[in-house]
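Shown next, in structure tokens, is the structure this report addresses.
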Amino acid sequence: MARLHEYQGKAILAANGFQIPRGSAASTADEAVAIAKELADKGGNKVAIKIQAWTTGRAGIGGVTFAKKPDEVRGHAARMLTMKVGQFPVEAVLVEERIDIEREFFLSFAIDDAARAPVIIFAAGGGTGIEERPASTWRIACDVNRGPLDSAVNEAVASCGLSPAHTAKLAESIRKLFAAARSVEARSLEINPLVLSKDGQFVATDCRITIDDYAVARHPELGIEIAREFDHPPTALERVAKDSKGLVGFHGAGGGGSMMSMDAIVNAGFTIANFTDTSGNPSASKVYRASRIILAQPNLVGYFGSGSGVASQEQYWSAYGLAKAFWELDLDIPAVIRLGGNTEDRAVDILRRMSGLLRTQVEGYRKTDAPAMIAGRFTELVAGAGGAKWKPRAPRVPKFVKDLSATMLPVKSGRVWIDTAKWPQIRRAVETHSGGLIVDCAGAPAMSLPSEEFANKDSELLACDVECRLAGVEGFYLELDIPGLDELVEGAR
């Protein structure tokens, strides 16, 4: 797991509502003295100086100390900045105010692999040996979306014998821990100790965070150079080895073919941001949703789709799903899609026609086109895009959808919208492209099937949406729900 320094972790905690000691990191003794003087000017009379290294037990090796006078700070910082912990040369120290402590608590977030869910560990007392104090240690179950269960949080903090006000603040700290961990997709986040200061504040006085390796690409703001666990800063050779031409949204179809295609794009010098597979004869709506989710990832340089090439599925459904997503999101990064298999010619033609409506190049390929070849073509398109990177955005929605006169027909997890005012002009195109699913009834659009059966025709109606768009017909739109995606995209902007 990729690790962060204490000062980086504390910045994440502060961004999520935690109080942290005042201070900052220093890379020279002079910087450390300047920080200490600034803290003294603000009323602090003693500072803590801590080495910033990916290790535990810092106090035992002289990596944590306290000082009052600038000369003391200078001496400690100069000594610490010459230390080497294992293979880790200390390149920074954290200089921060010392907190007067009333009580200590242990608080950590982790992923429970057995339960396949997050868990929070809480103990009324900080320090080491938490596992040896089961009577005062609580495992608080978490819902992956909503966080820790209120009943479990309340029961845990009630055992601490605090005042009602402090009990409420401590419970809120537990909830904020989950929010902080989720904000950066942390694999673990430990505050040891979380202290109740003598002036009645809960303060995170230490912090250790590890980030899931596979999440690092989604969080460039963390500044993690290489998404791997090291016991040392990355070397020059390790930095060279990880150099990438950019982050790629990957969309596969079929396990073996997807793995081969992933190898091709990695061998071309790119980094894969995700793994998505829509094999098994997917519906157009499933492919659409998968594409939308892939494009919720920021900083992509392109979209690469390639699977087995021999899938026994109608590839034009996948092409329709991709085409709709690309148009709705106004795609402006290159896309190379290999849809080999049944109806591959029709699939490639759909992508070719949709490319004409976009600001970028979308190219379709067949089963005879090797993944290595299309990865090479993808490289050319990305180079020609001049370093453009994807910024997640909300989908385009036609204005008539908000018109009170618009006709709405419900489908599975979505709805069809038709501009009633334009129905006479678009009727023939809609009837044709929907395969007769929508017909005219007394001068208005209507379902030709019972509502339950019609609701399951979302893929056919998606195809109608795309074909109408390609034909320049305005007034027909299929809206498909993707729960939670809007919030994710908003957070990625």
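At a glance:
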item: Phi to ³J(HN,Hα) by Karplus 6.51 cos²θ - 1.76 cosθ + 1.60 over segment 67-81, Hz, x for Gly, Pro; result: 8, 10, 9, x, 5, 5, 4, 4, x, 5, 5, 4, 5, 5, 6
item: For segment 152-164, 3J(HN,Hα) per residue [Karplus equation, 6.51 cos²θ - 1.76 cosθ + 1.60, θ = phi - 60°, Hz, x = Gly/Pro]; result: 5, 4, 4, 5, 5, 6, 5, 7, 8, x, 8, 5, x
item: Largest-first principal axis extents, alpha carbons of the chain, Å; result: 84, 54, 42
item: Whole-Hz couplings from phi, Karplus 6.51/-1.76/1.60, listed for segment 361-368; x for Gly and Pro; result: 8, 10, 10, x, 9, 10, 5, 6
item: Using alpha-carbon coordinates, inclination of helix 371-384 to the longest axis of the chain, degrees; result: 80 degrees
item: Residues Leu404, Leu339, Leu488, sorted so that the one with the fewest Cβ neighbours within 10 Å comes first; result: Leu404, Leu488, Leu339
item: Of all DSSP beta bridges in segment 335-434, antiparallel share, percent nearest 5; result: 55 percent
item: Estimated [θ] at 222 nm from DSSP helical runs (n ≥ 4, -39500 (n - 2.57)) normalised by residues in the chain, nearest 500; result: -10500 deg cm²/dmol
item: Relative compactness, segment 244-384, computed as alpha-carbon Rg over 2.2 N^0.38 Å; result: 0.90
item: Using a Förster distance of 45 Å, the FRET efficiency for Gln201-Asp440 (Cβ separation, nearest 0.05); result: 0.05
item: 5 angstrom amide H check on Gln361, placed H, neighbours 5+ away; result: Ala335
item: Protection proxy ranking, peptides 154-163, 452-461, average beta carbon neighbours within 10 Å, highest first; result: 452-461, 154-163
item: Long-range HN-HN contacts of Lys245 with modeled amide H, under 5 Å; result: Phe270, Thr271
item: Principal-axis tilt of helix 344-355 within the chain, Cα atoms, nearest 10 degrees; result: 70 degrees
item: Segment 370-438 shape via C-alpha gyration tensor axes, a/c threshold 1.5; result: prolate
item: Highest to lowest packing among 182-189, 368-375, 146-153, scored as the average C-beta count within 10 Å; result: 182-189, 368-375, 146-153
item: Dipole of the chain [Lys/Arg +1, Asp/Glu -1 at C-beta], most positive-end residue of Ala253, Thr271, Val73; result: Val73
item: Cα gyration tensor category, rounded, prolate or oblate, for segment 26-126 with a/c compared to 1.5; result: oblate
item: Globularity index of segment 399-489, i.e. its alpha-carbon radius of gyration over 2.2 N^0.38 Å; result: 1.05
item: Gyration tensor (alpha-carbon) shape descriptor, segment 80-204, a/c threshold 1.5; result: oblate
item: Net length gained if the chain between Ala14 and Thr56 were fully extended (0.36 nm per residue, minus Cα distance); result: 12.9 nm
item: Trypsin sites (Lys or Arg not before Pro) restricted to segment 1-85 and DSSP loop, no more than 16 other C-beta within 10 Å; result: Arg22, Lys42, Lys46, Lys68
item: Separation of the Asp71 and Arg139 label points, Cα + 7 Å toward Cβ, nm; result: 5.5 nm
item: Cα-based helix-to-principal-axis angle, 255-267 vs the chain, degrees rounded to 10; result: 60 degrees
item: DSSP-defined beta bridges in the chain - what % are antiparallel, rounded to 5; result: 75 percent
item: Hydrodynamic radius by Kirkwood, which averages 1/r over all alpha carbon pairs of segment 141-230, in angstrom; result: 14.7 Å
item: In nm, spacing of pseudo-spin labels at Met83 and Ala115 (7 Å Cα→C-beta vector); result: 3.5 nm
item: Simple label model, 7 Å out from Cα along Cβ direction - Glu38 to Glu221, nm; result: 2.1 nm
item: Val411 long-range amide H proximity, modeled H, under 5 Å; result: Val416
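Coordinate-derived values only; no laboratory data. Small disclaimer: the values here were computed from a predicted structure and weren't measured. FYI the Cβ positions are ideal-geometry reconstructions off the backbone, even for glycines, and counts take in every protein chain you see.
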